[in-house]
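Reviewing the structure listed below.
The values are calculated or read from the model by the stated rules, or taken from the named source; none is laboratory data. Everything numeric here is computed off the predicted structure, so don't read it as measured data. No Cβ is skipped: glycine too gets one built from the backbone with ideal geometry, and neighbour counts run over all protein chains shown.
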Amino acid sequence: MDKDQVFLKRAGELVAAGRELHAQGWVPATSGNFSARVDGARIAITVSGRHKGRLTTEDIMLVDYEGQSLDGKKPSAETALHTQIYQQFPQANVVLHPHSPAATAISRKVSGRLLLENYELLKALSGIQTHQARVGIPIFQNDQTIPRLAEEVAAYVREYPDLKAYLIAGHGFYTWGETAEDALRHVEALEFLFDQELRSL
């Protein structure tokens, strides 16, 4: 498969993810952003300001691992949060960032870290084999200076390298997977778990 074919395959996966997440009400208006690793030099990412339920391959662009545009289009303002994940998690090939209701609400009710434990659905997260797992989801304060926020996340990952996802207060969450299917499964499972935690409050 040549480079263009790989890009188109990844772009198609992101378009499909957008439709699926929008159908669930998890990327309202033009919120959220998605990306996929194309190769060792390029990342496919959603163009800034696009409605995620109406994406086409024209709404997916290429950036390098420093977040610089490779095709003249304008990437998401949060590109640095995506490149940080790819740099620190070699197994991550797809990153999804929805603004889902439960995630957004719980991030305003809890500060510091949300601890998920003794949920059967934790096994939907890659690498977890038992409901007895304890999964910490850090909650970072929203910051319009994205490189600063990306460095804060990077510092957390250096201390907790088994991170599965993170929340941004009043904003949404980031999660990732080896495949688009894995990342979508993580989004669905985490949104359910965030909703359960919200109900328990």
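Picking from SER111, SER100, which residue would you name as being surrounded by 15 or more Cβ atoms within 10 Å (Cβ to Cβ) and either among the hydroxyl-bearing types (Ser, Thr, Tyr) or at pLDDT 95 or above (or both)?
Just a single option satisfies the conditions, and that option is SER100.
Taking ARG50, is it basic (Lys, Arg) and closer than 18 Å to VAL6 by Cβ?
no
Taking the options ALA103, ALA92, name whichever one is within 17 Å of the chain's Cα centre (by Cα), under 19 Å from VAL135 (Cβ atoms) and assigned to a helix (DSSP H, G or I).
Only one candidate passes the filter, namely ALA103.
In the list THR79, THR130, which residue meets the criterion of being at pLDDT 95 or above and of a type in the set (Ser, Thr, Tyr)?
Of THR79, THR130, the one residue that is at pLDDT 95 or above and of a type in the set (Ser, Thr, Tyr) is THR79.
GLN84 fails exactly one of the following numbered conditions: (1) more than 12 Å from the chain's Cα centre (by Cα); (2) more than 28 Å from ALA23 (Cβ to Cβ). What is the number of that condition?
Going through the list (1) more than 12 Å from the chain's Cα centre (by Cα); (2) more than 28 Å from ALA23 (Cβ to Cβ), GLN84 breaks only (1).
Here is a list: GLY72, GLY40. Which entry is under 18 Å from ASN93 (Cα atoms) and of a type outside the set (D, E, K, R)?
Going through GLY72, GLY40 in turn, just one is under 18 Å from ASN93 (Cα atoms) and of a type outside the set (D, E, K, R): GLY40.
Taking the stated definitions as given, is THR46 at pLDDT below 95 and either closer than 28 Å to ALA102 by Cβ or of a type in the set (D, E, K, R) (or both)?
no
If you scan segment 162-201, which residues turn out to be assigned to a loop (DSSP other than H, G, I, E, B), under 22 Å from ALA150 (Cβ atoms) and touching a strand residue (DSSP E or B) at 6+ places or on another chain (Cβ under 7 Å)?
Answer for segment 162-201, where residues must be assigned to a loop (DSSP other than H, G, I, E, B), under 22 Å from ALA150 (Cβ atoms) and touching a strand residue (DSSP E or B) at 6+ places or on another chain (Cβ under 7 Å): LYS164, ALA169.
Can ARG113 be described as in a strand (DSSP E or B) and either of a type in the set (Lys, Arg) or more than 16 Å from TYR166 (Cα to Cα) (or both)?
Taking the combined requirement at face value, the residue satisfies it.
Please indicate, with yes or no, whether at least one residue in segment 145-152 is more than 21 Å from TYR86 (Cα to Cα), part of a helix (DSSP H, G or I), β-branched (Val, Ile, Thr) and more than 14 Å from the chain's Cα centre (by Cα).
No, the conditions are met nowhere in segment 145-152.
Taking TYR166 as meeting all but one of (1) under 20 Å from LYS109 (Cβ atoms); (2) out of contact with any Phe, Trp or Tyr (no Cβ under 6 Å at 6 or more places or on another chain); (3) without any contact (Cβ under 8 Å) to a residue 40 or more places away in the chain; (4) not β-branched (Val, Ile, Thr), write down the number of the exception.
(2)
If we keep just the residues of segment 37-66 that are β-branched (Val, Ile, Thr) and not in a loop (DSSP other than H, G, I, E, B), which is nearest to LEU8 (Cα to Cα)?
For segment 37-66, the residue satisfying everything is THR57.
For segment 51-64: of the residues being surrounded by 15 or more Cβ atoms within 10 Å (Cβ to Cβ) and in contact with a strand residue (DSSP E or B) (Cβ under 9 Å, 6 or more places away or on another chain), which is nearest to PRO147 (Cα to Cα)?
Looking at the filtered set, the residue picked out is VAL63.
When the residues of segment 16-46 are narrowed to those that are touching a residue at least 60 places away in the same chain (Cβ under 8 Å) and of a type in the set (Gly, Ala, Ser), which ends up farthest from GLN84 (Cα to Cα)?
Top of the filtered list is GLY25.
Quick check on my filter: what residues within segment 1-48 are crowded, with 21+ Cβ neighbours inside 10 Å and small (Gly, Ala, Ser)?
The answer is ALA11, ALA17, GLY18, GLY32, SER35, ALA36, ALA44.
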